[in-house]
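The values are calculated or read from the model by the stated rules, or taken from the named source; none is laboratory data. Values in this document were obtained by computation on a predicted structure and should not be read as measured data. Note that we place each Cβ from the backbone using ideal geometry, even for glycine, and neighbour counts take in every protein chain shown. These area figures cover heavy atoms from the full protein model, side chains too; ligands, DNA and RNA do not enter into them. Shrake-Rupley method; radii C 1.70, N 1.55, O 1.52, S 1.80 Å.
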Amino acid sequence: MNCSISGEVPEEPVVSKKSGLLFEKRLIERHIADYGKCPVTGEPLTMEDIVPVKTGKIVKPRSLTAASIPGMLGMFQNEWDALMLSNFALEQQLHTARQELSHALYQHDAACRVIARLKKERDEARSLLAQAERQAPLPASAVTAVSNGKRASDEEDMGPGAKRMRPGVSDSIIAELTECNAALSQQRKKRQIPPTLAPIDALERYTQLSSHPLHKTNKPGITSIDINLSKDIVATGGIDSNAVLFGRTSGEILSTLSGHSKKVTSVKFVAHNDVFLSGSVDKTVRIWQGSEDGNYNCRHILKDHTAEVQAVTVHATNNYFVTASLDATWCFYDLSSGLCLTQVEDPTNSMGYTSAAFHPDGLILGTGTIGSTVRIWDVKSRGNVANFDGHTGAVTAISFSENGYFLATAAHDGVKLWDLRKLKNFRSFELYDQDTPTNSVDFDHSGSYLAIAGSDIRVYHVGSVKAEWNCIKTLPDLSGSGRATCVKFGPDARYLAVGSMDRNLRVFGLPEEDASTES
C-alpha cells in the first residue's frame, strides 16, 4: 500500500472516491490546491472526494545499511569519503583563486612601474621643451603672438649676467600711472562712507548663511579668494589646481578653470573687464578671458618666474598687474598683451616674496617676504623706498586701507598695522597661539572694517592711529580643520566669504529676514 505520488508508504493515507487510488494526505492536498485534478487519471478532484483511511501507526523499516554495525561503518565511510572529496575540491578552487590574485597583483605592479616611468619621461620631455623654448630665438613679430590661448615665448635677449632683457616701463606708462594716482587721490579727499554700507550692529549679528563644496574631495583646501564686487561673483583658488567662479546670488558654479598643474595660490578679478588672473605653484600665471557663453578661456600663460608664484595684484588702471614669486622677484605686466615689462630683483634680498598688493592710488607696491619683512616699492622707479620689520615668520598677506593711510600685514605672530605717513607700526594683534599663523587680512572697500583669518575669523572696526580698533565679531572656523586660509568682504560688507582647508566656500552674513529689515 504505497502512495500513488511518492511511491512511499504513506503516514496519513487517504483514498480517492473517484479513482480509488491511495495518496499521502499532505501531497494530494497540495496537488489539488495547485491543479484541482487527480495526478494520475487527470479527472477533476476536490478535497471532498478524498476519504481518510484509518490505520495503525506505521513504523518505517530501517534501511539495510543501517541494520548492522558493519553496514553503519560502511555508511559512515562513504560520508567521510564524500566530505574529503568536497574538501579537496575547495582546496583546489582556493589555490586557483590565489594564483589568479597573484597574477593580477603582478600585472598591477608592472602597470604602476610603467606609469611611473612614463611620467618621469614626460616630465623630462617637458623640461627639455621648456629649455628649448627659452633658448630658441624668435623674430620680433612673434613676441606678442598668441597660439591656442598661450603667449608665445618672448625673444630671449640676454643682458649682462645672462639675465633676460625686458622692454621696461615707458614714459607713457609712467604718465598713465601718475594721472591715475592724481585722479584717485583727488577722489579720495571727497570720499564719504556709502549709506549702503553694513552697520556695526549688522556685522555683530553675522552668522553662516551657506556652505558650498567647490573643489575636489581628494585634494581639499581653498588657498585664495577674490570677489567681483560689481557682479557679486566669488572666485576661489584651490589645492586641487583649479580656480572656481561661483555666483553668490544664484548659488551655482559659473565656471571651473583648469590648466594649472599644481595648487593655485592667488586669484584676482580685473575690475570692469571680463578678465581673470590666477597664479600657481607651477611657476606660471594665467590670464583668462570671459566669453559670451559665460566660460573663460586661457588667453596667456606667463612663464617669467623660476619659482612658485605666490601673489597676483591688479593696478588701479586695470591695464597692468604685478606678480610676486619665491624666486625673489616681482614682475610688472601689461594686461592686454601679457608682456612682462620689467622684472624687479632686489640685490639686497635673496628671500622670496609671499604676498603683494598695490596701494589704492597705484604708485606704491607692498610685498611680503618669506623672511618676515614687508617691502614698500615706488612703482615708477621700481625702487625699494621703505622696509617694515618686526614680524615672525613669512608675511602671509597684506592689505592697504581704502583711505591710503594704513597697511595691515599678517604673519605667523599675528597682525601688525602700519602708518604709511610716518612709516611705523602703531598697533599689533597677537590673536592666536604660537602654533597658529594668521593667514589673511582684508580691508573692506570703504576702509571701515578689517577682517582677519586664522583659527577663526575676526572683524574689527577701523579706528585711527590713536583710537582703538575694536573687535566687533568673532566667527568660528566651521570647516573642522582649525585653519581659515582666506577671507574677503563682499559689496558694502554685506557678507564675508571665507575659505578653509576643506573644499567648502562659506558665506557669513545676516539671515534673510534680518537683512530685509536692515535694508
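Being closer than 20 Å to S170 by Cβ and crowded, with 19+ Cβ neighbours inside 10 Å, is that true of even one residue in the stretch 304-311?
Start the filter on the stretch 304-311 by keeping residues that are closer than 20 Å to S170 by Cβ, which leaves 304.
Next, only the ones that are crowded, with 19+ Cβ neighbours inside 10 Å stay: 304.
Scanning the stretch 304-311, I find at least one residue that is closer than 20 Å to S170 by Cβ and crowded, with 19+ Cβ neighbours inside 10 Å, so the answer is yes.
List, please: which pairs have Cβ atoms under 8 Å, are six or more places apart or on different chains, and start with a residue in the stretch 180-193 that is in contact (Cβ under 8 Å) with a residue 40 or more places away in the chain and end with one that is hydroxyl-bearing (S, T, Y)?
Pairs that qualify, where the first residue is in contact (Cβ under 8 Å) with a residue 40 or more places away in the chain and the partner is hydroxyl-bearing (S, T, Y), are C180/T317; I193/S446; I193/S448.
Is it true that T348 is among the polar types (S, T, N, Q) and within 19 Å of K268 (Cβ to Cβ)?
Spelling it out, it is not the case that T348 is among the polar types (S, T, N, Q) and within 19 Å of K268 (Cβ to Cβ).
How many residues, within the stretch 14-28, are in contact with a helix residue (DSSP H, G or I) (Cβ under 7 Å, 6 or more places away or on another chain) and either over 17 Å from E48 (Cβ atoms) or of a type in the set (D, E, K, R) (or both)?
Matching residues across the stretch 14-28 total 2.
Which count do you get for residues in the stretch 249-275 that are open to solvent by 20 Å² or more (accessible area, probe 1.4 Å), assigned to a loop (DSSP other than H, G, I, E, B) and more than 23 Å from F508 (Cα to Cα)?
8
So that you can scan it fast, the table gives a plain yes or no per residue for (1) open to solvent by less than 10 Å² (accessible area, probe 1.4 Å); (2) at pLDDT below 85; (3) touching a helix residue (DSSP H, G or I) at 6+ places or on another chain (Cβ under 9 Å):
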{"site": "D413", "(1), (2), (3)": "no, no, no"}
{"site": "A453", "(1), (2), (3)": "yes, no, no"}
{"site": "H461", "(1), (2), (3)": "no, no, yes"}
{"site": "I472", "(1), (2), (3)": "no, no, yes"}
{"site": "S479", "(1), (2), (3)": "no, yes, no"}
{"site": "R483", "(1), (2), (3)": "no, yes, no"}
{"site": "R506", "(1), (2), (3)": "no, no, no"}
{"site": "T517", "(1), (2), (3)": "no, yes, no"}
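With respect to A410, is the statement that it is closer than 11 Å to H391 by Cβ and not in a loop (DSSP other than H, G, I, E, B) true?
Numbers: closer than 11 Å to H391 by Cβ: yes; not in a loop (DSSP other than H, G, I, E, B): yes.
Yes: the conditions hold for A410.
Count, please, the residues in the stretch 359-382 that happen to be in a strand (DSSP E or B) and open to solvent by less than 20 Å² (accessible area, probe 1.4 Å). Steps first, answer last, please.
The initial filter retains those residues of the stretch 359-382 that are in a strand (DSSP E or B), namely 364-369, 374-378.
From what is left, the residues that are open to solvent by less than 20 Å² (accessible area, probe 1.4 Å) are 365-369, 374, 376-377.
So the answer is 8.
Considering only residues that are outside any helix (DSSP H, G or I), open to solvent by 60 Å² or more (accessible area, probe 1.4 Å) and more than 30 Å from M501 (Cβ to Cβ), which ones fall in the stretch 178-212?
Listed by number, the residues that qualify are K190, R191, Q192, I193, P195, T196.
Here is a list: S500, S428. Which entry is modelled with pLDDT of 85 or more, in contact with a Ser or Thr (Cβ under 6 Å, 6 or more places away or on another chain) and either among the polar types (S, T, N, Q) or more than 30 Å from A386 (Cα to Cα) (or both)?
None of the others qualify; the one that does is S500.
Between a first residue in the stretch 75-91 that is in a helix (DSSP H, G or I) and a second residue that is open to solvent by less than 100 Å² (accessible area, probe 1.4 Å), which pairs have beta carbons less than 6 Å apart while being 6 or more apart in sequence or on different chains?
Going by the 6 Å Cβ cut-off, the qualifying pairs are M75/T65.
Exactly one condition in (1) within 23 Å of A311 (Cβ to Cβ); (2) touching a His at 6+ places or on another chain (Cβ under 7 Å) is not met by N470; state its number.
(1)
Condition check ((1) crowded, with 17+ Cβ neighbours inside 10 Å; (2) more than 20 Å from C486 (Cβ to Cβ); (3) among the aliphatic types (A, V, I, L, M)) across all residues:
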site	(1), (2), (3)
A316	yes, yes, yes
S325	yes, no, no
L335	yes, yes, yes
Q343	yes, yes, no
A357	yes, no, yes
N387	no, yes, no
A394	yes, no, yes
I398	yes, no, yes
S401	yes, no, no
